[in-house]
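Step one of this worksheet: look at the structure below.
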Amino acid sequence: MKGKILAVFILFSTIYGMACTDQPEPQNVDVQIISGENFGFCVGPCYRALNLNTGDTYLELEVRSRDSRGSDLADTTIYTDMFSMAELEALKEAIPDLETFFALEEVYGCPDCADGGSEFIEINDGLKTHRVTFEYGSSVKEIEPIIELLRQKRQELIEKYEVY
C-alpha cells in the first residue's frame, strides 16, 4: 500500500513540476510602434507620427499643427492607410530584438536643439513601453533598419496626403 501511495506521489510531483517550469516566451509577439518627428518652434504641421501594430496592416498618420500665433498643437488630423503585405513583412524583419531596444538610452544627441527637430521610435510589447528620441534626420546604429523603413513610410504618407 505504501508503495502505491509513493508511486502516486512521485507521479503527481513529476506532473506538477513539469507544469511549473518556465515556458519560453514566443519570439513573434505583435507590438505597437509609434515613429514620429517633432519640431518645437514651428508653424503648420509640427508633429507627425506613424502609429501601427505589427499584427495589422492598418496604420495611422497623426498630424498636429500649430497656427501662426504659436497656439498649442490643437489641430490634429489622423489619416488612415495600409501596409502592403510585403511592407508588413519587411517591417517585422526590421524590428530589433526587444531586449536590445528596451536597453537603449532614451535620448541620443540633442533632439530639437536650435529647432533642428527630433525623431522618435516607441515600442510597446504589451508589458512595457520604451521610447528612443534622437536628432531629426540622424539615426541610432542598433535600430537603423527600422528607423529608415518607418521614416520612408512616414514620408510617403506625408506626400500622399500633402501634409506640409
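Structure notes:
- Gain upon complete extension [residue 78, residue 92; 0.36 nm per residue less C-alpha separation]: 2.7 nm
- Residue 31 long-range amide H proximity, modeled H, under 5 Å: 54, 55
- Cα-Cα P(r), segment 86-159, percent of pairs per 10 Å interval: 18, 50, 29, 3
- Residue-by-residue Karplus 3J(HN,Hα) for segment 111-121, coefficients 6.51, -1.76, 1.60, Hz, glycine and proline x: x, 6, 5, 6, 6, x, x, 9, 10, 8, 10
- Tensor-based shape of segment 28-105 (alpha-carbon gyration tensor, a/c under 1.5 rounded, otherwise prolate or oblate): oblate
Coordinate-derived values only; no laboratory data. Just so it is clear, the structure is predicted and the values come from calculations on it, not from any experiment.
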